[in-house]
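K.L.:
Supplied in structure tokens, the structure appears directly below.
The values are calculated or read from the model by the stated rules, or taken from the named source; none is laboratory data. Quantities reported herein were computed from a predicted structural model and do not represent experimental measurements. Neighbour counts are summed over all protein chains in view; Cβ atoms, including those assigned to glycine, are modelled from backbone coordinates with ideal geometry.
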Amino acid sequence: MLTGHLDQACRTRISGWAIDTAQPHQPLALLITANGTLLDRVIANVHRPDLLRAGLGPGPHGFDFFLPTGLPAHERQIIRVTCERDGTELANSPALIDPTTSLDEAAASFSTLADATNNFTEITHAITLLRQALNRQIARLTATTEPPAPTRRALVIDSQNPHPEHNAGANAITAHLLALTRLGYEVHFAAADALADPPTPIQSITHHAATIGSIEELIAHAPIQFDLIYLHRLTIAARYLPLLRHHCPKAHILYSVADLHHLRLAREAAARDLAQLLPRAAALRRTELALAEAADAVITHSTAEADLLRTALPRANLHQVPWHVPTRPTRTRPTRTRPTRTRLTSRTAIGFIGHFGHNPNHDAATRLIHDILPALHRANPAIQCLIAGSAMPVSIRHHQAPNLVLLPDLSDSENFWSQLRLSVAPMAFGAGVKGKVLDSLAAGIPCLMSPIAAEGLALPPALNDLIIADLADFTAAILALYANPKRLRALSRAGRTYINTHWSQAAQDQALRAACTPLPKFRQPDTQHLLHPERINEPHHPHRRERNPIQSR
């Protein structure tokens, strides 16, 4: 539900605030019009301490729009501010600005100003001000109607509409979409497998392509040319990269691997003794390498996977790009007053969060419930464990154990983090960067993690003690850190410093800008062997020759 207010509307400045109370942490996009003409599109993300004090959201919901040359003084202006998503108008909108009554009144005002000048310096200054004002008006009246400079356009394709509260992949693509808008792109987003999905927050910052029948139709008959095409995940790149090469030959095609699927599957086969998964992992590996070689640029979030890909494909245009993870103070309970930082030692819970449709998370949660919590409860019955996440299976959802709280439909992640003294990530297998670790550190909560969970993060030495080499040692590590307030505080500070340094908006935008910059093309990659996505399931690609294989580990 939209709530907001148009605080000020004059010829040079329009300001106010807007909040979606159902999603208070998602900034709203607003349209500002004057007499029915769009002036600009703004994001309500300016920090407003008064809103925070009044309990109206987390604070950054203001907007302040300036018009350097001002609106024409001789016209009556009707200013409207509406929500781009649904057209809802802010309170106090429309605002009316009456025109100046006559040129004589303006001249009288200047005459008063002239009478107030007492020396030649002041007279010269007044003349300069008048000349500048008249020159601005002349420029407005004589402006040509030349077409605007071409806008850079980007098409971003993922399998689903992103819901950042569900998984790290959605967080990453949402952050990169916002970054592309800051880099000057007009962003169009399309969900390949969910074109009929209900609106999501991402539509407030992008031109959604849901009116088309299919991605193939969009690619073949797009009314505009795209300068950049961002393909998120293996399945999307395998399905569309060859078609894009044919229909959009001038576009810079960027493939974001999210995580190396073959690596995750090979590790699962080893961890769960499932040798039947290995042929599938080998086929995925061949496809992932072929796609990475065919794309103009490749994005990975993990430093470890960047190294693996560089070894296998030394000629690939590879970029390690983080996503923006904002640090934030947490609170002990939902409140309409100013949130305050709380002491870690005042909390009594440990926690695990993850999307359970992802096998590594399901396995880690099962390991936590059956292997870690029983021993933990025997050693310290006061420790409560919270397990939260989307798509929680029945086997976990209905499990009962002392001091175990299950949150399958988590709607307030802030409240979840505010109850934790520390979090855990006992991952036995997986790949890529683990969003649960980043979110925990960003909230000031130390996270005890397995080497798999820590892989690709390039953690500083100050956080190395959080890595538990043997999963059997997790219980002892939890008990030791839980009872050490001084160590908890030091790790909390070090975690936030790490996030602010390596996962900041500035670090993200700089790395993404480099990935979006085309390099000279000396050859056209051969993608004919990728025209059939079903070959992902084949154990062998007859069209490619193996080179520098990535070793699963």
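K.L.:
With the condition kept exactly as written, say whether any residue in region 251-259 is assigned to a loop (DSSP other than H, G, I, E, B) and either more than 22 Å from Ile452 (Cβ to Cβ) or assigned by TED's automatic domain parsing to the domain that holds Asn361 (or both).
P.N.:
yes
K.L.:
Take residues that are free of Cβ contacts under 8 Å to residues at least 40 places away in the same chain and crowded, with 16+ Cβ neighbours inside 10 Å and tell me which of the strands (runs of 3 or more DSSP E) falling wholly in region 1-94 contain 2 or more.
P.N.:
Working: elements: 2-9, 13-20, 28-34, 37-44, 60-66, 77-83.
Of the strands (runs of 3 or more DSSP E) lying wholly inside region 1-94, those with at least 2 residues that are free of Cβ contacts under 8 Å to residues at least 40 places away in the same chain and crowded, with 16+ Cβ neighbours inside 10 Å span 37-44.
K.L.:
Pick from Ala290, Ala349, Ala312: which is in contact with a strand residue (DSSP E or B) (Cβ under 9 Å, 6 or more places away or on another chain) and either small (Gly, Ala, Ser) or modelled with pLDDT under 95 (or both)?
P.N.:
On the way: Ala290 fails: in contact with a strand residue (DSSP E or B) (Cβ under 9 Å, 6 or more places away or on another chain); Ala312 fails: in contact with a strand residue (DSSP E or B) (Cβ under 9 Å, 6 or more places away or on another chain).
Only one candidate passes the filter, namely Ala349.
Matching residues to (1) within 25 Å of the chain's Cα centre (by Cα); (2) modelled with pLDDT of 95 or more:
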{"residue": "Pro402", "(1), (2)": "no, no"}
{"residue": "Asp409", "(1), (2)": "yes, no"}
{"residue": "Glu414", "(1), (2)": "yes, no"}
{"residue": "Ala428", "(1), (2)": "no, yes"}
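K.L.:
Follow-up question, since we're still on this one. Does Ala237 satisfy being farther than 25 Å from Ala428 by Cβ and crowded, with 23+ Cβ neighbours inside 10 Å?
P.N.:
yes
K.L.:
Please go through region 357-386 and pick out each residue that is among the β-branched types (Val, Ile, Thr), in contact with a strand residue (DSSP E or B) (Cβ under 9 Å, 6 or more places away or on another chain) and assigned to a helix (DSSP H, G or I).
P.N.:
If the condition is that a residue be among the β-branched types (Val, Ile, Thr), in contact with a strand residue (DSSP E or B) (Cβ under 9 Å, 6 or more places away or on another chain) and assigned to a helix (DSSP H, G or I), then Ile369, Ile372 are the ones that fit.
K.L.:
Related question: I'm told Ala458 meets every condition in (1) buried (at least 19 other Cβ atoms within 10 Å of the Cβ); (2) not in a helix (DSSP H, G or I) except one. Can you identify the failing condition by its number?
P.N.:
Exception for Ala458: condition (1).
A quick yes/no check of all residues on (1) more than 30 Å from Asn380 (Cα to Cα); (2) in the same structural domain as Ala294 (by TED's automatic domain parsing); (3) at pLDDT 95 or above; (4) not aliphatic (A, V, I, L, M):
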| site | (1), (2), (3), (4) |
| --- | --- |
| Ala472 | no, no, no, no |
| Ala515 | yes, no, yes, no |
| Pro518 | yes, no, no, yes |
| Asn548 | yes, no, no, yes |
| Ser552 | yes, no, no, yes |
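K.L.:
Mind checking which residues of region 430-458 are in contact with a Leu (Cβ under 9 Å, 6 or more places away or on another chain), hydrophobic (A, V, I, L, M, F, W, C), within 15 Å of Asp259 (Cα to Cα) and in contact (Cβ under 8 Å) with a residue 40 or more places away in the chain?
P.N.:
If the condition is that a residue be in contact with a Leu (Cβ under 9 Å, 6 or more places away or on another chain), hydrophobic (A, V, I, L, M, F, W, C), within 15 Å of Asp259 (Cα to Cα) and in contact (Cβ under 8 Å) with a residue 40 or more places away in the chain, then Ala431, Val433, Leu457 are the ones that fit.
K.L.:
Quick check, is Ile383 farther than 26 Å from Arg267 by Cβ, in the same structural domain as Asn415 (by TED's automatic domain parsing) and in contact (Cβ under 8 Å) with a residue 24 or more places away in the chain?
P.N.:
yes
K.L.:
So, one more: Select from region 213-234 the residues that are of a type in the set (D, E, K, R) and crowded, with 16+ Cβ neighbours inside 10 Å and write down the one among them that is nearest to Leu284 (Cα to Cα).
P.N.:
Here the answer is Arg233.
K.L.:
Return the residue satisfying two criteria in turn: it lies in region 184-209 and is assigned to a loop (DSSP other than H, G, I, E, B) and surrounded by 16 or more Cβ atoms within 10 Å (Cβ to Cβ), and of such residues it is modelled with the lowest pLDDT.
P.N.:
That would be Leu195.
K.L.:
Collect the residues in region 435-453 that are touching a Lys or Arg at 6+ places or on another chain (Cβ under 8 Å) and closer than 24 Å to Ala271 by Cβ, keeping them in residue-number order.
P.N.:
Answer for region 435-453, where residues must be touching a Lys or Arg at 6+ places or on another chain (Cβ under 8 Å) and closer than 24 Å to Ala271 by Cβ: Cys447, Met449, Ile452, Ala453.
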